[in-house]
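Please read the structure below before turning to the comments.
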Amino acid sequence: METKLIFQDPAGLATPMLAVFAVDVATGKDADPLVALLTTSDAVSNAAAPSLASGEFKATLGEQLLLHSPGGLKAERLVVVGLGKAKTLSVDEVRKGAGTAVRSAKPRGIREMAIALPEDYALDDEHLETLPGRMLSRSIVEGALVGELDWDTYRSDRKDRSVHELTVVAREVEETTKKEIQTGFEEGRVIASAQNFARALVNEPSNVLTPTELGKRAETMCDEVGLKCEVYSTEKLLELGMGAFHAVAKGSYEPPALIVMTYEPKPEKGKILPKDTPVIGLVGKGITFDTGGISIKPADGMEKMKYDMAGAAAMIGAMRAIAQLKPAVKVIGIVCSAENMPSGRAYKPGDVLKAMSGKTIEVLNTDAEGRLVLADGLHYAKTLGCTHLIDAATLTGACVVALGMINAGLFANDESVFEKFLAAMNVSGEKFWRLPCTDDYKDTIKSQIADIMNTGGSRWGGAISAAMFLREFAGDTPWVHLDIAGCAWNEELKPWLAKGPSGIAVRSIVEWVRTYSA
Ligand code: BES
Ligand code: ZN
Ligand code: ZN
C-alpha cells in the first residue's frame, strides 16, 4: 500500500472514502453514549450530524458508520470509525481505528482512501493533549499497513482486495508541528513494514520456509537495507561447540541455520560514539516446525507449530526497521533456526548435551527444544560482544495458560533493561506482562546428573522454569526474555486485524533498541 501525507481540510479532499474517528465523551457509569467526532472541520461534522443524531452509532472501538455521498464533502464516502471512550483514548485505539478503516474499505473494492488525523472535537478540550501529532500520524500508518494484510497468498481463487493508496490528511498547521507529524508518518511506515515482513515469514508453511530458506530471506532483506548478514549451518555449530542447538537440529533432514545480522551505526560527521556504547543482541527462536521430536506432540493442532519461528521472524523484522531508522547503537541479530523432528538421528530424553557455554544439560523432554537453541544463541551473542540481550520465542504452552492471548510473557534479570522495555511498550502499544525469574525458582531446573535440565521437574510454572533455564546463559548480562507463544498467532478475526500471524514484539524490540541510541 502506498502512503502519503497531506496538509489540508479533509472536507476538500476528493477520495473514494474518507475516514474520521469518533469517541464517546459521556461520563458517568450508566450515561448514554455521547458521540464526538475527532475533527475540527465543520463540513465533516455537518455531513455526519444527521446520521449521528439517531444515536445508533455509539463510537465503540471498531464500530463503523458508512455514509455515501456525504453533503458538503468532496469524498464519495465518509466512514466514521469508533475509538471507544474518550477518557481511555490512547494511540493504541487510533492504531486499531486506522486498521478498522482500511479493513472496512477492502470488501467494498475501494482501492484508494484517506484517513483524517484526529483532532480535538472542541479546541478547548484536552483529550488529545497527551497524544502528540508524531504519535498520531505514526499510529495511523502502523494500524493501516498492519490492518491491510490478509493471508490468502496460497489461495488460487485469491482476488486482489487490497487498498493500494492511503492518504493521511492533517489540517494545515505550523511548520514545527508539520515536521513532527511527518516524522511520525515516516517512522510508522518503516515499523509497520518491518512488522508485516515478520508476519509474512510466520505465515509461510514449513515445507516452504525451512531453516535454509529463512536464512536466504534474511540475507535478501539484509542486502536490501544494507545490513551485514552471515548464514552458517551444521559445520559452524560444531566448530563453535553449540551442542544444545546442534542436538535439536540433528533429527531433521533439513540442515539448521545460524543467522547473524549486524547493524553498525554510522556516527554523524564529526561525532564519535562513546566507548561504552552498548552492543545490543537480539536472539530469536527459529524452529520452522516443532513436532516435539521423540517426545512427540499430539496430532491435534500440530499444524500450528509452523509458527514456532515467530521469535526469529520478530528479530529479522526488527533488524530491518533498525537498518532504516538508524539508531546510534550497534545491534547484532542472531537467529537459531532448525526443525525439531523425530528420527533415527534425533536427540532423545535422557541425553546429556554440552552447550557452547560449557554447561551440561540433561534432556527430559525433546519438546523443550526452544530453550536449547536459545541457550547457544544467547551465549554466542555474548562472545560477539553483546552487552545487552533480548530474546523472543514461542517458548511455552504454560505461558499461554498463565496469560492467555492478550499479554505475552516478559522476564528480565535487570531492572534497568526492564524499565527501558516498559518505556518501549508505552510507545509500541504491545502488551507484555512481567513474570518472575528470581533465584527462588532455581531448583526447578536442577538435574541429578548434569548442571541443569531442560524442563522443570514439575509442570507448574512452566514459563518460569523455561526462563530460569535461559537466565543461566544470559548470566550477568542484562537480559529480557519475551515468551510470545500466546500472542504470535491471532486466533480471531478482529475489525482491525486479520486472523493469523500478528508480528508481535517487532515494534517493542525496535523501540527498546532505540532507547540505547547514543
Ligand atoms: N513450541 C512450543 C511452545 C508453544 C506452545 C508455542 C503453544 C506455541 C503454542 C515449545 O517448544 C514446547 O513444546 N514447549 C513445551 C515445553 C514442555 C515440554 C516443558 C510445552 O510448552 O508444552
Ligand atoms: Zn517444543
Ligand atoms: Zn517449540
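Applying the selection to the range 270-304, what residues are more than 16 Å from ligand 2 (Cβ to nearest atom) and under 17 Å from A314 (Cβ atoms)?
To start, the set of residues in the range 270-304 that are more than 16 Å from ligand 2 (Cβ to nearest atom) comprises 270-283.
Passing the criteria: I280, G281, L282, V283.
Does G286 satisfy being within 13 Å of ligand 3 (Cβ to nearest atom) and small (G, A, S)? Working first, answer last.
Working: within 13 Å of ligand 3 (Cβ to nearest atom): yes; small (G, A, S): yes.
Judged against the criteria, G286 is a match.
Mind listing whichever residues of the range 395-423 are touching a Gly at 6+ places or on another chain (Cβ under 6 Å) and within 16 Å of ligand 3 (Cβ to nearest atom)?
Answer for the range 395-423, where residues must be touching a Gly at 6+ places or on another chain (Cβ under 6 Å) and within 16 Å of ligand 3 (Cβ to nearest atom): L395, T396, A398, C399, V400.
I'd like the full set of residues that are more than 17 Å from G284 (Cβ to Cβ) and either free of Cβ contacts under 8 Å to residues at least 40 places away in the same chain or assigned to a helix (DSSP H, G or I) (or both), limited to the range 237-251.
Narrowing the range 237-251 to residues more than 17 Å from G284 (Cβ to Cβ): 238-241, 243, 246-247, 250-251.
Scanning the range 237-251 gives L238, E239, L240, G243, H246, A247.
Show me the helices (runs of 4 or more DSSP H) entirely contained within the range 413-518 in which 3 or more residues are under 28 Å from M135 (Cβ atoms). Reasoning before the result, please.
Working: elements: 415-428, 462-474, 506-514.
Correct list: 415-428, 506-514.
Go through the range 166-199 and count every residue that is of a type outside the set (F, W, Y) and in contact (Cβ under 8 Å) with a residue 60 or more places away in the chain.
Residues meeting the conditions: 21.
Could you list all residues from the range 121-150 that are farther than 22 Å from M425 by Cβ and modelled with pLDDT of 95 or more?
E148, L149, D150
Any chance you could count how many residues in the range 4-23 are within 19 Å of G143 (Cβ to Cβ) and surrounded by 20 or more Cβ atoms within 10 Å (Cβ to Cβ)?
Of the residues in that region, 10 qualify.
Condition check ((1) assigned to a strand (DSSP E or B); (2) closer than 24 Å to P327 by Cα) across all residues:
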| position | (1), (2) |
| --- | --- |
| T212 | no, no |
| R217 | no, yes |
| E224 | no, yes |
| G281 | yes, yes |
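Can you confirm whether L378 is away from ligand 1 (no atom under 15 Å from the Cβ) and either more than 24 Å from G333 (Cβ to Cβ) or in a strand (DSSP E or B) (or both)? First the steps, then the outcome.
Working: away from ligand 1 (no atom under 15 Å from the Cβ): yes; either more than 24 Å from G333 (Cβ to Cβ) or in a strand (DSSP E or B) (or both): no.
Spelling it out, it is not the case that L378 is away from ligand 1 (no atom under 15 Å from the Cβ) and either more than 24 Å from G333 (Cβ to Cβ) or in a strand (DSSP E or B) (or both).
Could you list, in sequence order, the residues of the range 358-375 that are part of a loop (DSSP other than H, G, I, E, B) and more than 16 Å from ligand 2 (Cβ to nearest atom)?
Pass one, the range 358-375, residues part of a loop (DSSP other than H, G, I, E, B): 358-359, 363-369.
G358, K359 - these are the residues of the range 358-375 that are part of a loop (DSSP other than H, G, I, E, B) and more than 16 Å from ligand 2 (Cβ to nearest atom).
Scan I110, I115 and give me the residue that is closer than 17 Å to L13 by Cα and part of a strand (DSSP E or B).
On the way: I110 fails: part of a strand (DSSP E or B).
Matching residue, one of I110, I115: I115.
Output yes when any residue across the range 335-342 is touching a residue at least 40 places away in the same chain (Cβ under 8 Å), away from ligand 3 (no atom under 16 Å from the Cβ) and closer than 21 Å to A247 by Cα, and no when none is. Don't jump to the end; show me each part of the working.
Applying the first criterion (touching a residue at least 40 places away in the same chain (Cβ under 8 Å)) to the range 335-342 yields 335-342.
Then drop every residue that is not away from ligand 3 (no atom under 16 Å from the Cβ), which leaves none.
No.
Looking at the range 52-66, I want the residues that are under 10 Å from V81 (Cα atoms) and have a partner that is hydroxyl-bearing (S, T, Y) with Cβ atoms under 9 Å, at least 6 apart or on another chain. Which pairs are those?
Cβ pairs passing all conditions: F57/S51; L61/T100; G62/T100; E63/T100; Q64/T100; Q64/S104; L65/S51; L66/S104.
Being charged (D, E, K, R), in contact with a Lys or Arg (Cβ under 8 Å, 6 or more places away or on another chain) and more than 24 Å from T291 (Cβ to Cβ) narrows it down to one residue among K359, K326; which is it?
Numbers: K359 fails: in contact with a Lys or Arg (Cβ under 8 Å, 6 or more places away or on another chain).
After ruling out the rest, the residue left standing is K326.
The values are calculated or read from the model by the stated rules, or taken from the named source; none is laboratory data. All values derive from a computational prediction rather than experimental measurement. Because the Cβ atoms are built from the backbone with ideal geometry, glycine has one as well, and the counts that use them run over all protein chains shown.
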